[in-house]
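Quick notes on the structure that follows.
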Amino acid sequence: MKYIIPRSSYTISGEFPVKNEYGETVLKIESSKFSLRSRISIRDQYGIEIGHIQKKLLSPGLVYEIYHEQTLMAVLKRGRWLFRKRYSVTTTDKDRYIARGNFKHLEFSLYMGSRRVVKVDPSLAVRSENYGIEVEKRASPYICICAVLVIEAIEKAK
């Protein structure tokens, strides 16, 4: 399934949509300012909060928690490996995604082992102010969209 997100969405105050490949709003992201310190609300297409993203305080490095309803679903961590930035997402089901690619230009993928399950690329979107996320059936779209939003926010905040 393909999803479209506004580019630089982390700077937008208020609400912005995440749309599917048919142009239908599937999620709404809401915050007073999409910054690394704020709590980001994830809402369904009707505006009902279904989850949130928050920075884990008092932890070494950058660690973000992804919640669905009030249940912790995944933890995203940023680290370094051989002088390169590395993002990893571990779900409560023990699935592990590793992000590889060009984070600054939003051209990266999430892998489960050696298999690519998510592709992030501006060329997947028709309009230049958006970028696309292609999620395979094996991966959780909710967790993957949230992880991509956090990675974008971290990279653009520099």
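In the stretch 26-44, what residues are part of a loop (DSSP other than H, G, I, E, B) and modelled with pLDDT of 85 or more? Answer for the stretch 26-44, where residues must be part of a loop (DSSP other than H, G, I, E, B) and modelled with pLDDT of 85 or more: just Asp44.
Kindly establish whether Ile53 is under 14 Å from Cys144 (Cα atoms) and open to solvent by less than 40 Å² (accessible area, probe 1.4 Å).
Numbers: under 14 Å from Cys144 (Cα atoms): yes; open to solvent by less than 40 Å² (accessible area, probe 1.4 Å): yes.
So Ile53 passes the test.
The combined condition, being acidic (Asp, Glu) and open to solvent by less than 20 Å² (accessible area, probe 1.4 Å), is not fulfilled by Glu134.
Could you please find all residues in the stretch 88-102 being among the polar types (S, T, N, Q), farther than 15 Å from Ala147 by Cβ and part of a loop (DSSP other than H, G, I, E, B)? Full working, then the answer.
Residues of the stretch 88-102 among the polar types (S, T, N, Q): 88, 90-92, 102.
Retained after the next criterion (residues that are farther than 15 Å from Ala147 by Cβ): 102.
Passing the criteria: none in range.
Residues of the stretch 102-122 that are surrounded by fewer than 16 Cβ atoms within 10 Å (Cβ to Cβ), modelled with pLDDT of 90 or more and under 17 Å from Arg80 (Cβ atoms): Asn102 alone. As a summary of the residue check, Lys85 satisfies the conditions (1) assigned to a strand (DSSP E or B); (2) modelled with pLDDT of 90 or more except for the one numbered (2).
The values are calculated or read from the model by the stated rules, or taken from the named source; none is laboratory data. Bear in mind that the values here come from a model prediction, so they are computed numbers and not experimental data. Every residue, glycine among them, receives a Cβ derived from its backbone with ideal geometry; neighbour counts consider all protein chains shown. Surface areas here come from the heavy atoms of the whole protein model, side chains and all, with no ligands, DNA or RNA. Shrake-Rupley method; radii C 1.70, N 1.55, O 1.52, S 1.80 Å.
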